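Report on the structure given below.
The values are calculated or read from the model by the stated rules, or taken from the named source; none is laboratory data. This structure is a prediction, so every number in the text was calculated from the model and none was measured. Cβ atoms come from the backbone with ideal geometry, glycine included; neighbour counts cover every protein chain shown.
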Amino acid sequence: MDLRSRWEAIQQGFVDDPRAAVGDADALVRDVLDRLATTFEDQRQGLEDQWNDGEPGTEDLRSALQRYRDFFDRLVAL
């Protein structure tokens, strides 16, 4: 079941069992946050791997800093 479908099921279940629905909502939000954290950590690791292997030159480091800036901008825009 996709995330939207799970959310709709939680809302529908509220009428019959409000407490369980809120618990399910918490679990769903936790799941989404875990997925986001994993995705963003993988992207961050990829950035690190690009500059932290060997002896990068100044141009490589400048490019890496630009990629970090773009990544940072995406993170804070959430």
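Odds and ends about this structure:
- Flag for R30 being surrounded by fewer than 11 Cβ atoms within 10 Å (Cβ to Cβ) and closer than 30 Å to R69 by Cβ: yes
- Applying the criterion of being within 30 Å of R6 (Cα to Cα) and of a type in the set (V, I, T) to the residues of region 30-78, the residue that is modelled with the lowest pLDDT is V76.
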